[in-house]
1. For Ile29, indicate whether it is in a helix (DSSP H, G or I) and surrounded by 11 or more Cβ atoms within 10 Å (Cβ to Cβ).
2. Leu9: surrounded by 11 or more Cβ atoms within 10 Å (Cβ to Cβ), modelled with pLDDT under 90 and part of a helix (DSSP H, G or I), yes or no?
3. From the set of residues in segment 14-26 that are without any contact (Cβ under 8 Å) to a residue 12 or more places away in the chain and part of a helix (DSSP H, G or I), which is farthest from Lys51 (Cα to Cα)?
4. I need the full set of residues from segment 14-71 which are farther than 21 Å from Thr2 by Cα and basic (Lys, Arg), in order please.
5. Restrict the check to segment 46-54 and report whether at least one residue is assigned to a helix (DSSP H, G or I), aliphatic (A, V, I, L, M) and either modelled with pLDDT of 90 or more or touching an Asp or Glu at 6+ places or on another chain (Cβ under 9 Å) (or both).
6. Out of contact with any Ser or Thr (no Cβ under 9 Å at 6 or more places or on another chain) and among the small types (Gly, Ala, Ser), is that true of Ala13?
Amino acid sequence: MTAVAQDRLLAAAAALRLLSSGGTASTGIVRETARATDAIGQAAILYRRAKSSCDAETGGIRMALEMYAGS
């Protein structure tokens, strides 16, 4: 999941590089800005999901260790 999020951030970076290179028509600016914004939003969602998944797994492991230590 984090690899996909990183890919989305790379797409956003590519769009921003294109915008910063200059000479982009106004329709291209709108398109690339939308592309970068969308990619950043998708990456944020994916990172939150990955964190949630890791937190859930960590909680499960912690519970198992506590049960093991208590026995």
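1. Details: in a helix (DSSP H, G or I): yes; surrounded by 11 or more Cβ atoms within 10 Å (Cβ to Cβ): yes.
When the stated conditions are applied, Ile29 passes them.
2. Numbers: surrounded by 11 or more Cβ atoms within 10 Å (Cβ to Cβ): yes; modelled with pLDDT under 90: no; part of a helix (DSSP H, G or I): yes.
Criteria not met by Leu9.
3. Step one: filter segment 14-26 for residues without any contact (Cβ under 8 Å) to a residue 12 or more places away in the chain, giving 14, 17, 20-26.
Then drop every residue that is not part of a helix (DSSP H, G or I), which leaves 14, 17, 20, 26.
Values: Ala14: 25, Arg17: 28, Ser20: 32, Ser26: 37 Å.
Here the answer is Ser26.
4. Passing the criteria: Arg17, Arg31, Arg62.
5. Going through segment 46-54, the residues assigned to a helix (DSSP H, G or I) turn out to be 46-54.
Adding the requirement that they be aliphatic (A, V, I, L, M) leaves 46, 50.
Keeping just the survivors that are either modelled with pLDDT of 90 or more or touching an Asp or Glu at 6+ places or on another chain (Cβ under 9 Å) (or both) gives 46, 50.
Within segment 46-54, one or more residues are assigned to a helix (DSSP H, G or I), aliphatic (A, V, I, L, M) and either modelled with pLDDT of 90 or more or touching an Asp or Glu at 6+ places or on another chain (Cβ under 9 Å) (or both).
6. Answer is yes for this residue.
The values are calculated or read from the model by the stated rules, or taken from the named source; none is laboratory data. This is a predicted model, so every value here is computed, not measured. Cβ coordinates were reconstructed from backbone atoms using ideal geometry, including for glycine residues, and neighbour counts include every protein chain displayed.
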